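Peer 1: Sharing a structure below in structure tokens format, with a few things to ask.
Just so you know, all these numbers are worked out from the coordinates, no wet-lab data involved. No experiment lies behind these values; they were computed from the predicted model shown. Reconstructed Cβ throughout: ideal geometry from the backbone, glycine too, with neighbour counts over all protein chains shown.
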Amino acid sequence: KKFWSTKDPGQKVFTFKVGVGQVIRGWDEGFLSMQLGEEAVLTVTGDYAYGEQGFPAWGITPNATLKFAVQILSIN
């Protein structure tokens, strides 16, 4: 079930700094292996996502494995 998309109306491109803990560990590690313009599906296990707490506000249960369709649009 989709819980968030930057492609939804009113949403903006999501930006973050890789490798400094601004996002879940699965993104930090997954994006490091990607190149500009690349699209990927990241499958992130609970221990690399939201762990035992989950993310109730988005309906993410504890230890949930998540799939993200992602693309790198720019690198600064």
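Peer 1: Most exposed first by the Cβ proxy, i.e. fewest other Cβ within 10 Å, how do E52, E38 rank?
Peer 2: Ascending Cβ contact count within 10 Å gives the list E52, E38.
Peer 1: What residues have an amide H closer than 5 Å to that of I60, excluding those fewer than 5 places away on the same chain, when H is modeled at 1.01 Å from N in the peptide plane?
Peer 2: Answer set, sorted by chain and number: F55.
Peer 1: Can you give the extra length, in nm with one decimal, that the chain gains between T43 and Q11 once fully stretched, where that is 0.36 nm per residue apart less the Cα-Cα distance?
Peer 2: Answer, rounded to one decimal: 9.3 nm.
Peer 1: Given contacts defined as C-alpha pairs under 8 Å and at least six residues apart, what's the relative contact order of the chain, whole-number percent? Numbers along the way, then the final one.
Peer 2: Values: 99 pairs, mean separation 20.7, N = 76.
It rounds to 27 percent for the chain.
Peer 1: Given the -39500 (n - 2.57) contribution per DSSP H run of 4+ residues, what per-residue ellipticity at 222 nm results for the chain, rounded to the nearest 500 deg cm²/dmol? Write down the numbers at each step before the final one.
Peer 2: On the way: 1 runs with 8 residues, N = 76.
Result for the chain: -3000 deg cm²/dmol, rounded to the nearest 500.
Peer 1: Same structure, new question: So for L42, L73, fewest C-beta neighbours within 10 Å to most, what's the order?
Peer 2: Going from least to most buried by this count: L73, L42.
Peer 1: For a quick check of your reading of the filter: which trypsin sites (Lys or Arg not before Pro) in the chain sit in a DSSP loop and have no more than 15 other Cβ atoms within 10 Å? Let's see the in-between values first.
Peer 2: Numbers: sites: K1, K2, K7, K12, K17, R25, K67; in loops: K1, K2, K7, K12, K17.
The qualifying sites are K1, K2, K7, K12, K17.
Peer 1: Limiting things to C-alpha atoms, what are the Rg and the maximum Cα-Cα separation (Dmax) for segment 25-71, in angstroms?
Peer 2: Answer for segment 25-71, Rg first and Dmax second: 11.4, 33 Å.
Peer 1: Using only the alpha carbon atoms of segment 1-48, find the Kirkwood hydrodynamic radius as the inverse mean reciprocal pair distance, in angstroms to one decimal. Could the numbers behind the result be given before it?
Peer 2: Values: mean 1/r = 0.0814 Å⁻¹.
Evaluated on segment 1-48, it is 12.3 Å.
Peer 1: Additional query: Rank these for me by crowding, V41, V18, going from fewest to most other beta carbons within 10 Å.
Peer 2: V41, V18
Peer 1: Using a Gaussian network model on the chain with a 10 Å cutoff between Cα atoms, which of F16, F55, F31 fluctuates the most?
Peer 2: The residue with the greatest mean-square fluctuation here is F16.
Peer 1: Roughly speaking, what is the stretch gain from T61 to V18, that is 0.36 nm per residue apart minus the C-alpha to C-alpha distance, in nm to one decimal?
Peer 2: 13.0 nm
Peer 1: Here's something else I'd like to know. Given springs between every Cα pair under 10 Å in a Gaussian network model of the chain, which of G54, G21, G46 has the largest fluctuation?
Peer 2: Greatest mean-square fluctuation among the candidates belongs to G21.
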